[in-house]
Amino acid sequence: MHQLTLAEIARGLADKKFSSEELTKVLLARITQLDPQLNSFISLTEELALEQAKAADARRAKGESGALLGAPIAHKDLFCTQGIRTSCGSKMLDNFKAPYDATVVSKLAAAGTVTLGKTNMDEFAMGSANESSWYGAVKNPWNLEHVPGGSSGGSAAAVAARLLPAATATDTGGSIRQPAAFTNLTGLKPTYGRVSRWGMIAYASSLDQGGPLARTAEDCAILLQGMAGFDPNDSTSIDEPVPDYTAGLNGSLQGLRIGVPKEYFGAGLDPRIADLIQNSIKELQKLGAVIKEISLPNMQHAIPAYYVIAPAEASSNLSRFDGVRFGHRCADPKNLEDLYKRSRGEGFGAEVQRRIMVGAYALSAGYYDAYYLKAQKIRRLVKNDFMAAFNEVDVILGPTTPNPAWKLGAKNSDPVAAYLEDVYTITANLAGLPGLSMPAGFVDGLPVGVQLLAPYFQEGRLLNVAHQYQLNTDWHTRTPTGF
Ligand code: GLN
């Protein structure tokens, strides 16, 4: 039963082959048995899951239907869940029980999903390896000595190991697409404003976006359907109609114009990944797509710009964790300053502290123009590059990451080495564009992802291309040994 996709689960439930309660019990047992190897969960919510599963079964018995009614999922542990620990992977929030549900959580619950638990993540979503979590590193089910990617590494490892069919995740600079690539999943970062950020603990507010992680594009379509839509509680949510993503999966790719940026294939890309990307291009050509070389000339400036903007926003967002209102508080503070300093010093890990310092520096009076303002100008140039490219092509294709998943600990002493791995994903966040990563093959037994980018609100186009590709390839069906 654990091999079933969301789409297959919906059919099985509708045909009364099994109940949501039965499925939930099987998956909870599987998590208890296998997760100690992976560390992909921070909290399990067995009681809630069984309650939601029974409620979903009752709704079906009354004649209700719906693709997510009775579907087991998990939430990245930065989506607020009422009365349930929402830790953000940090000691700072280890004792924090959210007083309300994030919009994504309440929308999915209303659609009938069953929450199995909260997944592990890099602390405050800062990272590309899921090694900065206060709850310990997550392991990649394809090779337990390697990282699963980050920051949504727990969601990715759990879905890849078939502990559950799909999970929510968030992407500020690649944290849905990169772990999807590292664990052989399909992951979609929607257009900025497509999915509500209300109740999603902020890292860098102008870049953060929630989205689905699943094994197939079809399942991403199903989960996104339940997450997307206007939310008056989020001032950056956009009031655009949400299309029927599943209905859009079967469009023909005949004549689809795919742009391949020449800058994507420079030094730094593992040549074996470059070969797999070429294979995926050939596959899409067979389906009728037309390939065009394009240029994104400002791509080289994106990493430095991102690593100024994201820490700047983080330093501001994380100022609310001061030991006073919620979160960790140090013991026996001498005075207010001591309370702030020690609560934050004890509550935040090294990577979070590093980002706060970089961000506060970049925003400080004497350096604002030199760093933050300059980075914002680069951000506009990156966006302009995309706008020009989308005048000529329908989607942009390239590798999701320059290298496959690295070994645990391999980049711990050199944070910049990890930052460089975000080169292909970060630009979509700077521009606010939707992006998807899907399985494209393996290098040394480790999965490789191909990334597709599209114009604003064209999530449906990305899902359509990925679904057609998956009907003609079988990379996404491969299961890691032992799971
Ligand atoms: N690796 C990037 C960072 O550390 C992106 C993380 C994310 O998307 N949450 O900031």
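FYI, it's all coordinate maths here, none of it is from the lab. Note that this is a predicted model, so its numbers are computed, not measured. As a convention, Cβ positions derive from the backbone with ideal geometry for all residues, glycine included, and neighbour counts pool all protein chains shown.
Has the range 189-205 got at least one residue that is within 13 Å of the ligand (Cβ to nearest atom) and outside any loop (DSSP other than H, G, I, E, B)? If you could, list the steps in order and put the result at the bottom.
Filtering the range 189-205 down to residues within 13 Å of the ligand (Cβ to nearest atom) leaves 189, 192, 197, 200-205.
The next check asks that each one be outside any loop (DSSP other than H, G, I, E, B); those that pass are 189, 200.
Scanning the range 189-205, I find at least one residue that is within 13 Å of the ligand (Cβ to nearest atom) and outside any loop (DSSP other than H, G, I, E, B), so the answer is yes.
For residues that are among the aromatic types (Phe, Trp, Tyr) and within 16 Å of the ligand (Cβ to nearest atom), tally how many sit in the range 407-454. Steps first, please.
Start the filter on the range 407-454 by keeping residues that are among the aromatic types (Phe, Trp, Tyr), which leaves 419, 424, 442.
Cutting the leftovers down to within 16 Å of the ligand (Cβ to nearest atom) gives us 419, 424.
Of the residues in that region, 2 qualify.
For the range 130-148, which residues satisfy the criterion of being more than 18 Å from residue 439 (Cα to Cα) and either within 12 Å of the ligand (Cβ to nearest atom) or not in a loop (DSSP other than H, G, I, E, B) (or both)?
130, 131, 132
Check every one of the helices (runs of 4 or more DSSP H) wholly within the range 299-400 and list those with 3 or more residues that are within 16 Å of the ligand (Cβ to nearest atom), closer than 23 Å to residue 201 by Cβ and touching a Lys or Arg at 6+ places or on another chain (Cβ under 6 Å).
On the way: elements: 302-317, 336-347, 350-363, 374-389.
Fully inside the range 299-400 and qualifying: nothing.
Out of 472, 464, which single residue is surrounded by fewer than 19 Cβ atoms within 10 Å (Cβ to Cβ), in contact with a helix residue (DSSP H, G or I) (Cβ under 7 Å, 6 or more places away or on another chain) and at negative phi? It would help to see each step written out before you state the result.
Details: 464 fails: surrounded by fewer than 19 Cβ atoms within 10 Å (Cβ to Cβ).
On inspection, the qualifying residue turns out to be 472.
Test residue 418 against the criterion of being of a type in the set (Gly, Ala, Ser), part of a helix (DSSP H, G or I), closer than 27 Å to residue 184 by Cβ and touching a strand residue (DSSP E or B) at 6+ places or on another chain (Cβ under 9 Å), and give yes or no. Give the steps one after another, and end with the answer.
Details: of a type in the set (Gly, Ala, Ser): yes; part of a helix (DSSP H, G or I): yes; closer than 27 Å to residue 184 by Cβ: yes; touching a strand residue (DSSP E or B) at 6+ places or on another chain (Cβ under 9 Å): no.
No.
Within the range 107-130, count every residue that is of a type in the set (S, T, N, Q) and without any contact (Cβ under 8 Å) to a residue 60 or more places away in the chain. Break it down stepwise before answering.
From the range 107-130, those of a type in the set (S, T, N, Q) are 113, 115, 119-120, 128, 130; that's our starting set.
The next check asks that each one be without any contact (Cβ under 8 Å) to a residue 60 or more places away in the chain; those that pass are 130.
Looking only at that region, the number is 1.
May I ask you to list the residues in the range 149-167 that are in contact with a Pro (Cβ under 7 Å, 6 or more places away or on another chain) and within 13 Å of the ligand (Cβ to nearest atom)?
Scanning the range 149-167 gives 149, 150, 152, 153, 156.
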